[in-house]
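The values are calculated or read from the model by the stated rules, or taken from the named source; none is laboratory data. Every value quoted in this text rests on a predicted model; they were computed, and no experiment measured them. Note that we place each Cβ from the backbone using ideal geometry, even for glycine, and neighbour counts take in every protein chain shown. These area figures cover heavy atoms from the full protein model, side chains too; ligands, DNA and RNA do not enter into them. Shrake-Rupley method; radii C 1.70, N 1.55, O 1.52, S 1.80 Å.
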Amino acid sequence: MKASKEFLYGDEIPWEEVGPGLKRQIHGCDDKIMLVKVHFEPGAVGQLHEHYHSQVTYVESGEFEMTIGDEVRTIKGGDSYYIPPHVMHGCVCTKAGVLIDVFSPHREDFVDSIKH
């Protein structure tokens, strides 16, 4: 895969609608790492799923009921979490917000949406 540009400007990166009340921007990647910004409206659901990538997420804003494995916790702006490979996870947005996801390696299933 081709790496993204070195400098990326948020107002130039297109948003991709990925579900009801959900949209994302790919902020940079190469074959080893990917940064993704995800905006949630209240009630939007990040469906339970798993993948082989390691994931760490920073909660930029909002509030979410986050499930990782068998645990459910409320997280809000300023919090973060780590998801090991192959662990089921998902969330429900309770107050509009933004999650900043980092994946390693990059999410191949997101690559088609990259326009930069």
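Right, Gly43: in a loop (DSSP other than H, G, I, E, B) and modelled with pLDDT of 95 or more or not? Step through it out loud before you land on a result.
Numbers: in a loop (DSSP other than H, G, I, E, B): yes; modelled with pLDDT of 95 or more: yes.
Criteria met by Gly43.
Filter the stretch 20-68 down to the residues that are crowded, with 19+ Cβ neighbours inside 10 Å and aromatic (Phe, Trp, Tyr), then identify the one that is farthest from Lys5 (Cα to Cα).
By that ranking, first place goes to Phe64.
Scan the stretch 49-81 for residues that are aromatic (Phe, Trp, Tyr) and in a strand (DSSP E or B) and jot them down. Before you say what the answer is, go through the steps one by one.
The first filter runs over the stretch 49-81 and keeps only residues aromatic (Phe, Trp, Tyr), leaving 52, 58, 64, 81.
Across the stretch 49-81, the qualifying residues are Tyr58, Phe64, Tyr81.
Listed residues Ser104, Ser80; which is in contact (Cβ under 8 Å) with a residue 60 or more places away in the chain, open to solvent by 20 Å² or more (accessible area, probe 1.4 Å) and of a type in the set (S, T, N, Q)? Can you show your working first?
On the way: Ser80 fails: in contact (Cβ under 8 Å) with a residue 60 or more places away in the chain.
Being in contact (Cβ under 8 Å) with a residue 60 or more places away in the chain, open to solvent by 20 Å² or more (accessible area, probe 1.4 Å) and of a type in the set (S, T, N, Q) holds for just one of Ser104, Ser80, which is Ser104.
Can you pull out every residue in the stretch 1-16 that is without any contact (Cβ under 8 Å) to a residue 40 or more places away in the chain and outside any loop (DSSP other than H, G, I, E, B)? Reasoning before the result, please.
Kept after step one, since they are without any contact (Cβ under 8 Å) to a residue 40 or more places away in the chain, are these residues of the stretch 1-16: 2-3, 6-7, 9-11, 15.
Gly10, Asp11, listed by residue number.
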